[in-house]
1. Would you point out which residue out of Glu30, Glu81, Glu18, Glu76 is part of a helix (DSSP H, G or I), crowded, with 23+ Cβ neighbours inside 10 Å and charged (D, E, K, R)?
2. Output the residues belonging to region 92-119 that are part of a strand (DSSP E or B) and either acidic (Asp, Glu) or more than 20 Å from the chain's Cα centre (by Cα) (or both).
3. Give me the pairs, please: first residue somewhere in region 93-119 and assigned by TED's automatic domain parsing to the domain that holds Gln62, second residue anywhere and among the β-branched types (Val, Ile, Thr) and in a helix (DSSP H, G or I), beta-carbon distance under 9 Å, and either six or more positions apart or on two chains.
4. Only residues that are buried (at least 17 other Cβ atoms within 10 Å of the Cβ) and either farther than 20 Å from Ala270 by Cβ or touching a residue at least 24 places away in the same chain (Cβ under 8 Å) (or both): list them for region 42-54, please.
5. From the set of residues in region 9-63 that are touching a helix residue (DSSP H, G or I) at 6+ places or on another chain (Cβ under 7 Å) and among the charged types (D, E, K, R), which is modelled with the highest pLDDT?
6. Which numbered condition in (1) at pLDDT below 95; (2) more than 19 Å from the chain's Cα centre (by Cα); (3) among the hydroxyl-bearing types (Ser, Thr, Tyr) is the only one that Ser89 fails?
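The values are calculated or read from the model by the stated rules, or taken from the named source; none is laboratory data. Bear in mind the structure is a predicted one, so any value in this text is a computation, not a measurement. Please note: Cβ atoms are built from the backbone with ideal geometry, for glycine as well, and neighbour counts cover all protein chains shown.
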Amino acid sequence: MADEPILHADIALARRLEGAEAASNVAAAEAHARRHPGSGATWLAVAGGHAMFVGVGSPITQAFGVGMNGPVGEDEMDRLEDFFRSRGSGVYLEVCPLADASLLEHLGKRGYRVMEFSNVSVRPLAGYSPAPMEGLGFHVLPARADEEAVYARTAIEGFFGSEALAGMEDLFGGFFEAGKGTAFIAWEDEKPIGAAAMMVHGEIVLCFGDATPGAFRGRGVQSALIAARLAAGVATGCSLGMAVTLPGTISQRNYERHDFRVAFTRAKFARAWQ
């Protein structure tokens, strides 16, 4: 990255990154609401961030960006909590360490607990050119509209194994209606061996949903999916690539091999109702 601009993980960059993540989840909630008008899927702009609801227990049911635009008031916390509680869900917030300190005070007083950490990584895309992918024995292509089921099954198997939870196909398949999103599938001949997705927000391409079924891991599938999405982001005019991974994972390492660097580590806070 010697010839690329240095990124400083300041509040301005954090707001851009958290805004991209929130926009991706808002789009997913809106897509689910279109597919299932009676599901109650919706979102709320609150306390400088966004809260999404796509059913109790859904990974999309959470909030991003809260506290990124200044102090959070008691009334805003009440609105945020009521959004989830009125729908039968606990509260889940992905909290950026650069969020206003008032948010942590509220979380402490209201009995929240930390349940997970995640690394938000970023890399400039100026001058990006993917390394040649010849000789891998597979290729990566954007998923066509008629490949929704193939994408969903491949992603689910990569995340959860062959015995997927009922209803997960619809959650992943709904991504095809999520606005600026694009799904990718890695193919070995006619067999899908990996899947991933991207969402463009402003000049940021957010890479997410990387999934490789166990039998095909260790062959560079995720690396090829990363390269394909970054190239697609560059083609649409993006200047930054973004990814979120659990700390210390193979996914974290693979993104670092593509010159991603951790901008900050988020903490996921939760509050359950008695």
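1. Numbers: Glu30 fails: crowded, with 23+ Cβ neighbours inside 10 Å; Glu81 fails: crowded, with 23+ Cβ neighbours inside 10 Å; Glu76 fails: crowded, with 23+ Cβ neighbours inside 10 Å.
On inspection, the qualifying residue turns out to be Glu18.
2. Step one: filter region 92-119 for residues part of a strand (DSSP E or B), giving 92-95, 113-119.
Glu94, Arg113, Glu116, listed by residue number.
3. Leu98/Ile11
4. Within region 42-54, Leu44, Val46, Ala47, Gly48, Gly49, His50, Ala51, Met52, Phe53, Val54 meet the criteria.
5. The qualifying residue modelled with the highest pLDDT is Arg34.
6. Going through the list (1) at pLDDT below 95; (2) more than 19 Å from the chain's Cα centre (by Cα); (3) among the hydroxyl-bearing types (Ser, Thr, Tyr), Ser89 breaks only (1).
Rundown of residues vs (1) in a strand (DSSP E or B); (2) touching a residue at least 12 places away in the same chain (Cβ under 8 Å); (3) closer than 26 Å to Gly135 by Cα, yes/no style:
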{"site": "Thr182", "(1), (2), (3)": "yes, yes, yes"}
{"site": "Pro192", "(1), (2), (3)": "yes, yes, yes"}
{"site": "Ala197", "(1), (2), (3)": "yes, yes, yes"}
{"site": "Ala224", "(1), (2), (3)": "no, yes, yes"}
{"site": "Ala232", "(1), (2), (3)": "no, yes, yes"}
{"site": "Met242", "(1), (2), (3)": "yes, yes, no"}
{"site": "Pro247", "(1), (2), (3)": "no, yes, no"}
{"site": "Tyr255", "(1), (2), (3)": "no, yes, yes"}
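Here is a yes/no grid of residues against (1) over 30 Å from Arg219 (Cβ atoms); (2) among the acidic types (Asp, Glu); (3) touching a Pro at 6+ places or on another chain (Cβ under 7 Å):
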position: Val54; (1), (2), (3): yes, no, no
position: Gly73; (1), (2), (3): yes, no, no
position: Asp82; (1), (2), (3): yes, yes, no
position: Leu93; (1), (2), (3): yes, no, no
position: Arg110; (1), (2), (3): yes, no, no
position: Val122; (1), (2), (3): no, no, no
position: Ala126; (1), (2), (3): no, no, yes
